[in-house]
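Only one structure is covered here, and it is reproduced in the block below.
The values are calculated or read from the model by the stated rules, or taken from the named source; none is laboratory data. Only a predicted model underlies this, so the values are computations on that prediction, with no experimental measurement involved. Cβ placement follows ideal geometry from the backbone for every residue including glycine, while neighbour counts extend to all protein chains displayed. In case anyone asks, the SASA skips ligands and DNA or RNA and just uses the protein heavy atoms, side chains included. Shrake-Rupley method; radii C 1.70, N 1.55, O 1.52, S 1.80 Å.
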Amino acid sequence: QVQLFESGGGSVQPGKSLSLTCQASVMIFMANPMAWYRQTAGKQRVLVASISSGGVPTYADFAKGRFTISRDNAKNILTLQMNDLKSKDTAIYYCNVFPEPSYDYWGQGTQVTVSS
């Protein structure tokens, strides 16, 4: 049963933008803080940004000023707007609950590749 579905990734040049979307089931999304995480080959997943159930965001240092996390509680959608992308942003991006992501909720993720 798919409970989190990420989309919106792609291949872009440095400096460009992408908008990622996470469609969540009501059970997961309702009243839960949510977050975007990312993972590169051979490394652990790291937190990119989180947002409280009320819409208050926090960001990893590398995301501040470039990424914007938002949520639509009526549609159970989590969004990550990424601007001024850099090659080091290349990763698979996932959404999950915050602060303790659930193993059972990890989806397939969406690949973001930033390359000239």
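Only one residue in Ser50, Ser19 is over 15 Å from Thr110 (Cβ atoms), out of contact with any Lys or Arg (no Cβ under 6 Å at 6 or more places or on another chain) and either outside any strand (DSSP E or B) or not β-branched (Val, Ile, Thr) (or both). Which one?
Numbers: Ser19 fails: over 15 Å from Thr110 (Cβ atoms).
Every option except Ser50 fails the conditions.
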Long-range neighbours under 7 Å by Cβ, at least six apart or interchain, first residue assigned to a helix (DSSP H, G or I) within region 85-96, second open to solvent by less than 20 Å² (accessible area, probe 1.4 Å) and at pLDDT 95 or above: Ser87/Val114; Asp89/Met82; Asp89/Val112; Asp89/Val114
Could you tell me how many of the residues in region 79-106 are open to solvent by less than 40 Å² (accessible area, probe 1.4 Å) and of a type outside the set (Ser, Thr, Tyr)? 8
Confirm whether Leu80 is under 17 Å from Gln39 (Cα atoms), modelled with pLDDT of 95 or more, out of contact with any Ser or Thr (no Cβ under 6 Å at 6 or more places or on another chain) and part of a strand (DSSP E or B). yes
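Look through Gly55, Gly109 and report the one residue that is open to solvent by less than 60 Å² (accessible area, probe 1.4 Å), closer than 18 Å to Ser19 by Cβ and under 11 Å from the mean Cα position of the chain (by Cα).
From the options Gly55, Gly109, the qualifying one is Gly109.
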Give region 64-76 a look and list any residue that's among the hydrophobic types (A, V, I, L, M, F, W, C) and within 11 Å of the chain's Cα centre (by Cα), or say none. Phe67, Ile69
Which of (1) surrounded by 17 or more Cβ atoms within 10 Å (Cβ to Cβ); (2) of a type outside the set (Gly, Ala, Ser); (3) under 25 Å from Ser115 (Cα atoms) is the odd one out, the single condition Gln23 does not satisfy? (3)
Of the residues Ile69, Ile28, which is open to solvent by less than 20 Å² (accessible area, probe 1.4 Å) and without any contact (Cβ under 8 Å) to a residue 40 or more places away in the chain? Ile69
Lone unmet requirement of (1) surrounded by 13 or more Cβ atoms within 10 Å (Cβ to Cβ); (2) touching a residue at least 24 places away in the same chain (Cβ under 8 Å); (3) out of contact with any Cys (no Cβ under 6 Å at 6 or more places or on another chain) for Glu6: (3)
